[in-house]
Amino acid sequence: MAVYPSSCNWRSKKHRKLDVNKHKHCKPSGRLLRLTVIWACSTGEPYRTSGFLATASTLSGELIQTAKFNRRGVVIFSKIKTPTKQAYVVKIYSCEGNLVRRVVVPRGNDAFVIVP
């Protein structure tokens, strides 16, 4: 599935194939629009993270967003545009509210994978 930049403003109720000559400026970018963090074990399988929470904050400590993990080990921070222009601190909390992990996501990322 191709991801098209937001400059491609073609919305239709019917899905149709694009005319390549008409939409030459619309090229698949492969970029994600929001910061995605995946928590996986060394074998590549995602951790079971149902009920886990993650917070994203700046290095100075300003909280940007709190988001829930899905059961496949993925959390999406919708308030952080990608590629990131600064580093973020991501803290992961268990269902009980205990801090499980703290990582720094460097700037220039669309997605980040946490592997123990």
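Can you run down the residue pairs with Cβ atoms below 6 Å, 6 or more apart or on separate chains, where the first is in the range 64-82 and in a strand (DSSP E or B) and the partner is exposed (fewer than 13 other Cβ atoms within 10 Å of the Cβ) and of a type in the set (Val, Ile, Thr)?
none
How about the range 26-41: which of its residues are at negative phi and modelled with pLDDT under 85?
Cys26, Lys27, Pro28, Ser29, Arg31, Leu32, Leu33
Go through (1) closer than 30 Å to Lys91 by Cα; (2) modelled with pLDDT under 60; (3) not aliphatic (A, V, I, L, M) one by one and return the number of the condition Lys13 breaks.
Lys13 satisfies every listed condition except (1).
Name every residue in the range 46-63 that is surrounded by 13 or more Cβ atoms within 10 Å (Cβ to Cβ), of a type in the set (A, V, I, L, M, F, W, C) and assigned to a loop (DSSP other than H, G, I, E, B), in order of residue number.
Within the range 46-63, Phe52 is the sole residue that qualifies.
Kindly provide the set of residues from the range 86-108 that are in contact with a Pro (Cβ under 8 Å, 6 or more places away or on another chain) and open to solvent by less than 40 Å² (accessible area, probe 1.4 Å), ordered by number.
The answer is Ala87, and nothing else.
The values are calculated or read from the model by the stated rules, or taken from the named source; none is laboratory data. Predicted model only: the values in this text are computed from it and were never measured. Cβ atoms come from the backbone with ideal geometry, glycine included; neighbour counts cover every protein chain shown. Note: accessible area is taken over every heavy atom of the protein model, side chains too, but ligands, DNA and RNA are not part of it. Shrake-Rupley method; radii C 1.70, N 1.55, O 1.52, S 1.80 Å.
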